[in-house]
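J.: The structure is given below, and queries will be raised subsequently.
Derivation of every value follows stated rules applied to the coordinates shown; laboratory data play no part. Bear in mind that the values here come from a model prediction, so they are computed numbers and not experimental data. Ideal geometry is used to build each Cβ from the backbone, glycine not excepted, and the neighbour counts take in all protein chains shown.
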Amino acid sequence: MLNDDPAGRALLDRLPEPLPPEQIIALNRPKADLHTVRHYEWNGWSFEVPPGVFLPGATSRMIHERLLDGTIDVRGRAYAAMGAGLGVEAVVAGLRGAREVYAIDVHPGSVDTTRRYYEQLVGNRASTTFVPVVADVFDGFTGGPLDVVTFNPPAVSQTVSDDPDIVRNVCVGSSLLERFFAQLAERELLAPDGEVFVIVSNTADLRAIVEHALDHGFRPEVHYLHDWRDGVQTYLFRVRQGKNA
C-alpha cells in the first residue's frame, strides 16, 4: 500500500520518532485522583467528572474548539465521538446541529456521563438524533455511515501504570488505532466523503498509526500541528478514504 502512495510515504518520512521512554513516562505520570470525583470547566460549562471517566486536557480542547468554531464541520452530518469520555464533543456536536450524534465509549460510566450532560446542555432537538453506545471501538456499534469521526485515543506508547482504568484512558498504544482503522474499512462505516480526525503526539508511535491508516486504504494528512516546546509535538490528522482524498 505504501509503495502506491508517495504522499503517504512522504508523510511517514517527516514524522518524528516517539520520545525516549523515560520522557514519555514522566510526561504521562498519572494523577492519583482518577478514582475520585473531579471537576472540569470549559466554554462556560461546569462538569462533574465521575471516577474512572477521562478528564479532558489541552489536547482534548483542540478537538472541542474545532467542533465549536466549525473547523470540524458537523452541521447536518452524522457524527461519532469515539472515546466519548466526559461528553464534551457530543454536547458541542448537538449544539452545532449534527444530524446524528453517536457517543461511543468502551466504559459504561463514560457513556452514562455523556448522556447526562447531553440531556442537560443540549436536550431534545427535532433535527438531531443522539445515540449513546457502549462499544469496544466499533464492536457493538450498529450505526452509520458516518460523515465525521473524532478520536483522541489513549495511544501513549509506554505503559505508565498497571491500573486498568489508567491504561484505558492513557496508554493502550498504537494497536488500538489498527483496530479502529480496520473496523472503519471492513465495516464500511465511513460515508464516501467522510472524514476522521485523530489527535496524537510523539508520546505515541506516530509512524505506526499513520501506517495503520494507509494499510486500510485511508489517506491521512496533517490538519494541525502544535509544538509544546518541551519535546512534545501534537498532530491532528485528517483522514479520508483513499479514493476520495
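J.: So which residues in the range 206-231 are more than 16 Å from the chain's Cα centre (by Cα) and either of a type in the set (D, E, K, R) or crowded, with 18+ Cβ neighbours inside 10 Å (or both)?
T.: Once the filter is applied, which keeps residues that are more than 16 Å from the chain's Cα centre (by Cα) and either of a type in the set (D, E, K, R) or crowded, with 18+ Cβ neighbours inside 10 Å (or both), the range 206-231 yields Arg207, Ala208, Glu211, Leu214, Asp215, His216, Phe218, Arg219, Asp227, Arg229, Asp230.
J.: Follow-up. For the range 39-48, how many residues are more than 19 Å from the chain's Cα centre (by Cα) and outside any loop (DSSP other than H, G, I, E, B)?
T.: Here the count works out to 6.
J.: Related question: Of everything in the range 1-49 that's surrounded by 17 or more Cβ atoms within 10 Å (Cβ to Cβ) and in contact with a Gly (Cβ under 7 Å, 6 or more places away or on another chain), which residue is nearest to Ser161 (Cα to Cα)?
T.: Among those residues, the one meeting the criterion is Leu34.
J.: Sticking with this one: Just to be sure I understand, how many residues within the range 169-205 are crowded, with 19+ Cβ neighbours inside 10 Å, closer than 20 Å to Glu89 by Cβ and not hydrophobic (A, V, I, L, M, F, W, C)?
T.: Selection size over the range 169-205: 4.
J.: Look through Asp162, Asp136, Asp147, Asp105 and report the one residue that is under 16 Å from the mean Cα position of the chain (by Cα), charged (D, E, K, R) and surrounded by fewer than 18 Cβ atoms within 10 Å (Cβ to Cβ).
T.: After ruling out the rest, the residue left standing is Asp136.
J.: Looking at the range 165-180 only, could you name the residues that are under 14 Å from the mean Cα position of the chain (by Cα) and closer than 23 Å to His64 by Cβ?
T.: If the condition is that a residue be under 14 Å from the mean Cα position of the chain (by Cα) and closer than 23 Å to His64 by Cβ, then Arg168, Asn169, Val170, Cys171, Val172, Leu176, Leu177, Phe180 are the ones that fit.
J.: Another one. May I ask you to list the residues in the range 123-132 that are of a type outside the set (Phe, Trp, Tyr) and crowded, with 20+ Cβ neighbours inside 10 Å?
T.: Residues satisfying the conditions are Thr128, Pro132.
J.: Also: What are the residue pairs meeting all of these: first residue in the range 159-174, first residue under 13 Å from Gly85 (Cα atoms), second residue small (Gly, Ala, Ser) and buried (at least 18 other Cβ atoms within 10 Å of the Cβ), Cβ atoms under 6 Å, and 6 or more apart or on different chains?
T.: Asp165/Gly52
J.: Quick check on this structure: which one of Thr159, Thr114, Thr129 is in contact with a strand residue (DSSP E or B) (Cβ under 6 Å, 6 or more places away or on another chain), within 22 Å of Asp73 (Cβ to Cβ), of a type in the set (Val, Ile, Thr) and not in a strand (DSSP E or B)?
T.: Thr114
J.: Considering only the range 203-227, how many residues are of a type in the set (Val, Ile, Thr), more than 16 Å from Leu19 (Cβ to Cβ) and not in a strand (DSSP E or B)?
T.: The total comes to 1.
J.: Report yes if Glu188 is more than 16 Å from the chain's Cα centre (by Cα), part of a loop (DSSP other than H, G, I, E, B) and farther than 23 Å from Gly52 by Cα, otherwise no.
T.: The answer is yes for Glu188.
J.: Given the conditions (1) closer than 29 Å to His223 by Cβ; (2) out of contact with any Pro (no Cβ under 8 Å at 6 or more places or on another chain), report the number of the one that Tyr40 does not fulfil.
T.: The one condition Tyr40 does not meet is (2).
J.: Select from the range 77-110 the residues that are among the aliphatic types (A, V, I, L, M) and outside any strand (DSSP E or B) and list them in ascending order.
T.: Matches in the range 77-110: Ala84, Leu86, Val88, Ala90, Val91, Val92, Ala93, Leu95, Val106.
J.: From the list Thr71, Thr36, which residue is farther than 19 Å from Gly140 by Cβ, under 18 Å from the mean Cα position of the chain (by Cα), part of a loop (DSSP other than H, G, I, E, B) and free of Cβ contacts under 8 Å to residues at least 24 places away in the same chain?
T.: Testing whether each residue is farther than 19 Å from Gly140 by Cβ, under 18 Å from the mean Cα position of the chain (by Cα), part of a loop (DSSP other than H, G, I, E, B) and free of Cβ contacts under 8 Å to residues at least 24 places away in the same chain leaves just Thr71.
J.: Does the range 122-134 contain any residue that is in contact (Cβ under 8 Å) with a residue 60 or more places away in the chain and in contact with a Lys or Arg (Cβ under 8 Å, 6 or more places away or on another chain)?
T.: Checked against the condition, which is being in contact (Cβ under 8 Å) with a residue 60 or more places away in the chain and in contact with a Lys or Arg (Cβ under 8 Å, 6 or more places away or on another chain), the range 122-134 yields no hits at all.
J.: Hey, does the range 194-202 have a residue that's over 18 Å from Met82 (Cβ atoms), in contact with a Ser or Thr (Cβ under 9 Å, 6 or more places away or on another chain), not in a helix (DSSP H, G or I) and not hydroxyl-bearing (Ser, Thr, Tyr)?
T.: Taking every residue of the range 194-202 in turn, at least one turns out to be over 18 Å from Met82 (Cβ atoms), in contact with a Ser or Thr (Cβ under 9 Å, 6 or more places away or on another chain), not in a helix (DSSP H, G or I) and not hydroxyl-bearing (Ser, Thr, Tyr).
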